[in-house]
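Since the structure comes first, as structure tokens, the remarks are kept for the end.
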Amino acid sequence: MSPLLIKGVVFGLLLVVAALWDIKKREIPNLIPAMIFACGLIGLRPTASVAGLFVTGGPYLLAALLTQGKSASIGGGDIKLMGACGFVLGVWPGLLHSILSLTLAVLTGMLLFGVRRQDFSSIRLPLAPFFCM
């Protein structure tokens, strides 16, 4: 087995665990992003990995700071999980992963709670399942 294949399988399995945990408990344990981060050490590309960490995780941190105390805020687990995903994937794949995940989350929210709803701020969806998909 190649290291890249091992990295992909472990990364995918950890995302599944994060998704299931987030659905059940509405939180992501710190160990999961830490293990994903460690997975990124396999075949490490230092510049791409560190840039991916900040470029992919940074917007989630900024969104959490801007929505702090509001009902539809981003949790710390989501920030850590996406930062770790960015570390594994790098900048452009990490950004694409983030955009596709959030688009899917918004579409799901619209389908579940109605397209014409004016105020989406009270909708609370666990994001890890969308990051996993």
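The values are calculated or read from the model by the stated rules, or taken from the named source; none is laboratory data. Everything numeric here is computed off the predicted structure, so don't read it as measured data. Cβ: placed from backbone, ideal geometry, glycine included. Neighbour counts: every protein chain shown. To get the accessible areas, we keep the full protein, side chains included, count just its heavy atoms, and leave off ligands, DNA and RNA. Shrake-Rupley method; radii C 1.70, N 1.55, O 1.52, S 1.80 Å.
The candidates PHE131, PHE37, arranged from most to least accessible area with a 1.4 Å probe in the full protein assembly, appear as PHE37, PHE131.
Given springs between every Cα pair under 10 Å in a Gaussian network model of the chain, which of LEU111, LEU95, LEU62 has the largest fluctuation? Per the Cα network of the chain with a 10 Å cutoff, LEU111 tops the list.
Considering only Cα atoms, the convex hull volume of the chain works out to 100 Å³ per residue. Relative to the longest principal axis of the Cα atoms of the chain, the long axis of helix 91-113 lies at roughly 30 degrees. Taking only the Cα atoms of region 1-68, the radius of gyration and Dmax are 13.8, 44 Å. Between the Cα long axis of helix 76-89 and the first principal axis of the chain there is an angle of about 40°, rounded to the nearest 10. Each Cα pair under 8 Å and six or more residues apart adds its separation to the average, and for the chain the resulting relative contact order is 33 percent. Largest GNM mean-square fluctuation among SER73, SER98, SER49, using the chain with Cα springs under 10 Å: SER73.
Helix 3-25 versus the longest principal axis of the chain: what angle, 0 to 90°, nearest 10, using Cα atoms? The answer is roughly 30 degrees.
The listed residues MET133, MET82, MET35, MET1, once ranked by accessible area (1.4 Å probe) with the largest placed first, stand as MET1, MET133, MET35, MET82.
For TRP21, the accessible surface of its heavy atoms amounts to roughly 100 Å² (probe 1.4 Å, protein chains only, rounded to the nearest 10). Other residues lying with their Cβ under 14 Å from the Cβ of LYS80 contribute a combined charge of -3, Lys and Arg counting +1, Asp and Glu -1.
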